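The values are calculated or read from the model by the stated rules, or taken from the named source; none is laboratory data. Given the structure is predicted, the values throughout are model-derived calculations rather than measurements. Here Cβ is always computed from backbone atoms with ideal geometry, including for glycine, and neighbour counts include all displayed protein chains.
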Amino acid sequence: MSTPGVETATDATEAPDPLEHPQPQRGGQRSPGRRRAGLRRAALDAAEGYSFLGPNLVLLGVFLFLPVVWAGWISLQDTNGFGDGVFVALDNYGRLLADPIFWQSAANTLLFTVLVVPLSMALGLGLAVLMNSVMPARGIFRTIIVLPMVISGVATALIGVLIFDQNNGIVNKIMRATGLGAISWQSEGIPAMMSVVLVSLWWRVGFNMIIYLAGLQAVEPELYESARIDGAGGWNQFRYITVPMVGPSTFFLLVMNVIYSFQVFDIVFVLTGGGPGYSTSVLVTYAYENGFVTRDQGYAAAIGIVLLVMTLIFTALQWRFNRSRDQVG
Amino acid sequence: MDISRRQILGLAGALGGVAALSACAGFSRPAGQASGSNELTFTTWGTEAELGGFERAIAAFEEATPGATVRLNVVPYQQMFENIDAQLQSGTEPDIFRAVYTNLGTYAGRDQLLDLSQYLDSDFGDQFTDPLWEAVQYDGIPYAVPHITDTSTILFNKEAFAAAGITSVPDTLESAWTWEEFDAVLVQLRSQLPEDRYPLAYNWQSASVTRWFSWLFQAGGRFLEEDLVTPAVDSDAGRAAVDFTKSFFERNLVPQNNSVKSATFASETFFSETAAMAFGGTFLLPDAASLAPFEVGATFQPRNARGGSDLGGNPLVATANTSKPELAAEFLAFLTGRETQLDFCTASSLLPTRKDLVGEDLEFEALPELGRFFVGQASTVQPEDAAQFASPSVDAIRTVLSDQLEQAFIGGQGTDDTIRNLSDGIAAATAR
C-alpha cells in the first residue's frame, strides 16, 4: 500500500495505468513505439466495449430508434398505409391543433397521469412501509399485492369489466344490495374515468411497492433508532427519514409512472374503449383509432411523435430539477 | 474455473454469429409466404368448427389438385386485420385471407386484392345470391368470393316474454313486426320488467356499429349515393332511424351501457338475463343452447318501409401480389362449391351464399329449429345495401358513425345535429 501523498513509481496497484492515462515522459515526450502501443491498446479496449454493447445497440437501433425515425417520417405524410404516401410536411401537426378530440385525449392523458402517478406512489410507499415492518403473514400480503403485476394489462382490464359492468358488475351489485344505488360506470364520463384509474391503481401499486420496499431495506435501522432517542414519533420518522431516504426510488418511480401513464393503452382500450363518447380517450387509444380503424396513419404517427416529445420533455425536466436522483438510497 | 476475457469474447462472438445467421435465415422466407411452387398460404381466424371445415376443405382440394398444398395460418380475430395490414405493407402477405364484407372496399379500393374476373368463369357469380355477389365487387370487378354469410335476427327469452304477456311473435318474414308494433312490444316489456332489467339489447358495439344501418335500410334510406362518395344519410329515413334508436336509450328500453362504444356486448346482456331480447347472429346459437339459463326463441327483425338487415359473414380474397393467381382462384372457387359450402355451414351454424343452398334445410347442430329465421332474414339484404359497403372509405365512415351515435344515444345530442354531423363526417371520409 502506498502512503497517501507519497506515491511511489514501483507501486503497480496504485499507480495510474500508463496506457489509459499516459504519463508524460521525461521532458514531456513519449517514444513513438510507446505511443503506438497506447493507441493500439485504446483501440482494443474500444473494440471490446463495442462488442459487449453491440447486440444491445443493434436491438435498440432496429426496434427502437429506427421505428421512431420512421414514425417521424410517416407523420409528415398523408397515408393509409398502402402504397406510397403523399408528403404533406407539417399538415398533420396543424390538424392536431384544430382537433378537439386530440385536445380532449391529451387532457384525459394528463388527468390520468395526475391521478394515477401520485396515488400509485403514495399507496406503494404506504404498503412498502407496512410490509417492511414486523407484520404477520407479510409474505402472503406481499404476494397478493404484487400478483396483478404478473397479469397482462388486457387480462387485468377484462377483470375490470367484470367488476365495473354497470348492470352485472360486482361493485354495482354490492352497492345495490347495500341500498347505495348503482353507478353508471360505463355510460357517464366521470365514473368511467374513475373505473380506469381504479383498475390502473390495482395493477400498478404492486410495482411501486416492490421498488419502495427495496429502497426501504437499504435504510440503516440506526437512523430510526437515533431519531427515536431524540424523541421523534412515527410520523416524523416517516417524514424526515423514510421519505428522504427513498428519494432515488421516488425519482425512478416518478419517471417510470409518468411514462407508463402517458402510454396507457390496454386498460383503457379493453375497459372503456375510450368511451363513453371520448371521455376516457387517451392519446394512445386515439392514435390507435386513427392508425388502425380509420387508417389515417400519418395523423396517428403525428400523435405518437407528440406523445414522445411530451415524455422526453417531462423526463428531461425531472432529470434537471430532481435533486434526489444521484443519492444512494 | 477461470475464464479469460479472450474466452468470453470468443463465446460472445460465437453467439452473435449464431444470432446473425438465424436472423438471415428469418429474412430468407417471410412467415406468410409459401416456399413451394405449388403451395398457397391461407390466413384466417375461426372457431373450432370453422377451422375444422377449412381443414376438411383443404384436404379435399389437395386430393383433387395433385401437387397443390395449402398452408393454413390461424390467427386470433382481434389481431387478424392489423396483421394483414402489416403484411400487405411489408410485402409478406399470404396468398389468400378471410375478410369481412364491410372491409372489402378498403382493400380492393387500394389495389391490394387480386382481380378475380380474369381467372373465374364469366358466369361464376350466377351461383351466388345477388346481394352477396354485389358485395364482393368493386367498380364492377369481383375481388372476392362470398364464402358464408350471417345476419342478425331477434333472439328472445321465452319466459320473460310469457311473463310480460307476449304470447306470440311473428313466424314469417311477411308478418314481421312493423316498427310501431315492435315499439309496442318494447313498451309492454318495459312496463312488466323490474327496473334493472330491460326489454332489448342491440348488437352494435365496437366494429359492429355498421349494424345500425339496418334501421336506415328498413326506413328506406341509404348512407351513400350510388357514386359511393356523396353522403345520403341526411334524409327523412335517416332522421327516422336516429330518432327511433335514440329513443331506446331515452325511454330505458335498453341498458345505458348498450351504446356503441360499450365494452359489454349485447349477447352478454341477453345471456345474463339483463335484457329480454337481443339482436344476434347465427354464431350465437351454440352459446344460446349451452349458456342461456332460459329457453331461447327467435323472430324476424322489424320492418318499416321495407325489411332490412346487416351484411354479416365472410368473403375470401386472394392478394394482388400472389405468385400463384390461377391456383389461388381455383382454391377460392373450390371453397365455394356446393358440397364444401354445405359441409362448412352445417358444421359452423353459418348461412350459405349459394342460391342452390339458400332454400336447403340446413341442419345446424345447435337449436336447428331457429335456423330458418336467419335464412329468411338474410333475404332482406338488398344488392343496393351491400353495394354501399364496397366504398374504400367504410373504415373511416365506421368511426364517424360510432362517434355520432354515441353522442346521440348517451351524449344528449339531438337528431338534427346527429344527422348533420353524420353527413359532414361521411363527406369528409369519402373525400380523403
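Residue-by-condition table, conditions (1) facing another protein chain (nearest Cβ under 9 Å); (2) crowded, with 18+ Cβ neighbours inside 10 Å; (3) touching a Phe, Trp or Tyr at 6+ places or on another chain (Cβ under 8 Å); (4) farther than 22 Å from B:Ser259 by Cα:
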{"residue": "A:Ile170", "(1), (2), (3), (4)": "no, no, no, no"}
{"residue": "A:Met175", "(1), (2), (3), (4)": "no, no, no, yes"}
{"residue": "A:Leu180", "(1), (2), (3), (4)": "no, no, no, yes"}
{"residue": "A:Gln186", "(1), (2), (3), (4)": "yes, yes, yes, no"}
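Scan the stretch B:352-359 and give yes if some residue there is more than 14 Å from chain A (Cβ to nearest Cβ), β-branched (Val, Ile, Thr) and outside any loop (DSSP other than H, G, I, E, B), otherwise no.
Within the stretch B:352-359, one or more residues are more than 14 Å from chain A (Cβ to nearest Cβ), β-branched (Val, Ile, Thr) and outside any loop (DSSP other than H, G, I, E, B).
Which residues, taken from the stretch B:237-252, are within 14 Å of chain A (Cβ to nearest Cβ) and not charged (D, E, K, R)?
Across the stretch B:237-252, the qualifying residues are B:Phe248, B:Phe249, B:Asn252.
Scan (1) surrounded by fewer than 24 Cβ atoms within 10 Å (Cβ to Cβ); (2) within 18 Å of the chain's Cα centre (by Cα); (3) among the charged types (D, E, K, R) for the single condition B:Asp310 breaks and write down its number.
Only one criterion in (1) surrounded by fewer than 24 Cβ atoms within 10 Å (Cβ to Cβ); (2) within 18 Å of the chain's Cα centre (by Cα); (3) among the charged types (D, E, K, R) is unmet by B:Asp310, namely (1).
Among the residues of the stretch A:265-276, which ones are under 15 Å from A:Trp203 (Cβ atoms) and surrounded by fewer than 24 Cβ atoms within 10 Å (Cβ to Cβ)?
Those that are under 15 Å from A:Trp203 (Cβ atoms) and surrounded by fewer than 24 Cβ atoms within 10 Å (Cβ to Cβ): A:Phe265, A:Asp266, A:Phe269, A:Val270.
Looking at the stretch A:135-166 only, could you name the residues that are in contact (Cβ under 8 Å) with a residue 12 or more places away in the chain and more than 30 Å from the chain's Cα centre (by Cα)?
Result: A:Gln166, single match.
Just to check your reading of the model, which residue among B:Thr346, B:Thr322, B:Thr299, B:Thr336 is out of contact with any helix residue (DSSP H, G or I) (no Cβ under 7 Å at 6 or more places or on another chain) and either buried (at least 21 other Cβ atoms within 10 Å of the Cβ) or of a type in the set (A, V, I, L, M) (or both)?
B:Thr336
If I filter the stretch A:174-190 for residues that are assigned to a helix (DSSP H, G or I), aromatic (Phe, Trp, Tyr) and under 27 Å from A:Gln104 (Cβ atoms), do I get at least one hit?
Within the stretch A:174-190, none of the residues are assigned to a helix (DSSP H, G or I), aromatic (Phe, Trp, Tyr) and under 27 Å from A:Gln104 (Cβ atoms).
Do you know which of the residues in the stretch B:204-225 that are in contact (Cβ under 8 Å) with a residue 40 or more places away in the chain and outside any helix (DSSP H, G or I) is nearest to the other protein chains (Cβ to nearest Cβ)?
Per the stated criteria, the residue is B:Gln205.
Is there a residue in the stretch B:368-388 that is within 14 Å of another protein chain (Cβ to nearest Cβ), of a type in the set (Phe, Trp, Tyr) and either assigned to a helix (DSSP H, G or I) or in contact (Cβ under 8 Å) with a residue 24 or more places away in the chain (or both)?
no
Among the candidates B:Thr106, B:Thr149, single out the residue that is among the hydroxyl-bearing types (Ser, Thr, Tyr) and either free of Cβ contacts under 8 Å to residues at least 12 places away in the same chain or not in a helix (DSSP H, G or I) (or both).
B:Thr149
Could you please find all residues in the stretch B:162-192 being crowded, with 17+ Cβ neighbours inside 10 Å and closer than 20 Å to B:Thr245 by Cα?
Matches in the stretch B:162-192: B:Ala176, B:Trp177, B:Trp179, B:Phe182, B:Asp183, B:Val185, B:Leu186, B:Leu189, B:Arg190.
A quick yes/no check of all residues on (1) outside any helix (DSSP H, G or I); (2) within 14 Å of chain B (Cβ to nearest Cβ):
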| position | (1), (2) |
| --- | --- |
| A:Tyr240 | no, no |
| A:Asn257 | no, no |
| A:Gly273 | yes, yes |
| A:Thr285 | no, yes |
| A:Met310 | no, no |
| A:Ala316 | no, no |
| A:Arg320 | no, no |
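Of the numbered conditions (1) of a type in the set (S, T, N, Q); (2) in the same structural domain as B:Thr129 (by TED's automatic domain parsing); (3) in contact (Cβ under 8 Å) with a residue 24 or more places away in the chain, B:Thr418 satisfies every one except a single condition; which is it?
All conditions pass for B:Thr418, except number (2).
Residue-by-condition table, conditions (1) under 16 Å from B:Ala160 (Cβ atoms); (2) in contact with a strand residue (DSSP E or B) (Cβ under 7 Å, 6 or more places away or on another chain):
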residue: B:Phe249; (1), (2): no, no
residue: B:Thr269; (1), (2): yes, yes
residue: B:Gly281; (1), (2): no, yes
residue: B:Thr299; (1), (2): yes, yes
residue: B:Gly308; (1), (2): no, no
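Of all residues in the stretch A:117-134 being without any contact (Cβ under 8 Å) to a residue 24 or more places away in the chain and of a type outside the set (A, V, I, L, M, F, W, C), which is nearest to A:Val196 (Cα to Cα)?
A:Pro118
Step by step: first the residues of the stretch B:81-104, then only those that are within 12 Å of another protein chain (Cβ to nearest Cβ) and under 28 Å from B:Gln382 (Cα atoms), then the one that is modelled with the highest pLDDT. Which residue is that?
B:Phe81
Within the stretch B:389-415, which residues are within 9 Å of chain A (Cβ to nearest Cβ), of a type outside the set (A, V, I, L, M, F, W, C) and in contact (Cβ under 8 Å) with a residue 40 or more places away in the chain?
B:Pro392, B:Asp395, B:Arg398, B:Ser402, B:Glu406
One line per residue, one yes/no per condition, for (1) small (Gly, Ala, Ser); (2) in contact with an Asp or Glu (Cβ under 9 Å, 6 or more places away or on another chain); (3) within 18 Å of A:Val268 (Cα to Cα):
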{"site": "A:Val150", "(1), (2), (3)": "no, no, no"}
{"site": "A:Leu158", "(1), (2), (3)": "no, no, yes"}
{"site": "A:Ile163", "(1), (2), (3)": "no, no, yes"}
{"site": "A:Asn167", "(1), (2), (3)": "no, yes, no"}
{"site": "A:Ile183", "(1), (2), (3)": "no, no, no"}
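Counting only residues that are touching a residue at least 60 places away in the same chain (Cβ under 8 Å) and over 17 Å from the mean Cα position of the chain (by Cα), which one in the stretch B:262-277 is farthest from the other protein chains (Cβ to nearest Cβ)?
Filtering the stretch B:262-277 for residues that are touching a residue at least 60 places away in the same chain (Cβ under 8 Å) and over 17 Å from the mean Cα position of the chain (by Cα), the one farthest from the other protein chains (Cβ to nearest Cβ) comes out as B:Met277.
So is A:Arg142 out of contact with any Cys (no Cβ under 6 Å at 6 or more places or on another chain), part of a helix (DSSP H, G or I), modelled with pLDDT under 90 and surrounded by 12 or more Cβ atoms within 10 Å (Cβ to Cβ) or not?
When the stated conditions are applied, A:Arg142 passes them.
Only residues in the stretch A:58-78 that are closer than 18 Å to A:Asn92 by Cα count as the first member; pair them with residues that are among the basic types (Lys, Arg) and in a loop (DSSP other than H, G, I, E, B), Cβ under 7 angstrom, at least 6 apart or cross-chain, and list the lot.
none
Just give me the residues in the stretch A:287-301 being within 22 Å of the chain's Cα centre (by Cα) and more than 10 Å from chain B (Cβ to nearest Cβ), in sequence order.
If the condition is that a residue be within 22 Å of the chain's Cα centre (by Cα) and more than 10 Å from chain B (Cβ to nearest Cβ), then A:Ala287, A:Ala301 are the ones that fit.
Go through the residues of the stretch B:425-432 one by one and say whether even a single one is assigned to a helix (DSSP H, G or I), within 14 Å of chain A (Cβ to nearest Cβ), at negative phi and surrounded by 22 or more Cβ atoms within 10 Å (Cβ to Cβ).
Yes, the stretch B:425-432 contains at least one residue that is assigned to a helix (DSSP H, G or I), within 14 Å of chain A (Cβ to nearest Cβ), at negative phi and surrounded by 22 or more Cβ atoms within 10 Å (Cβ to Cβ).
Which of (1) aromatic (Phe, Trp, Tyr); (2) within 14 Å of chain B (Cβ to nearest Cβ); (3) assigned to a helix (DSSP H, G or I) does A:Tyr278 not meet, given it meets every other one?
(3)
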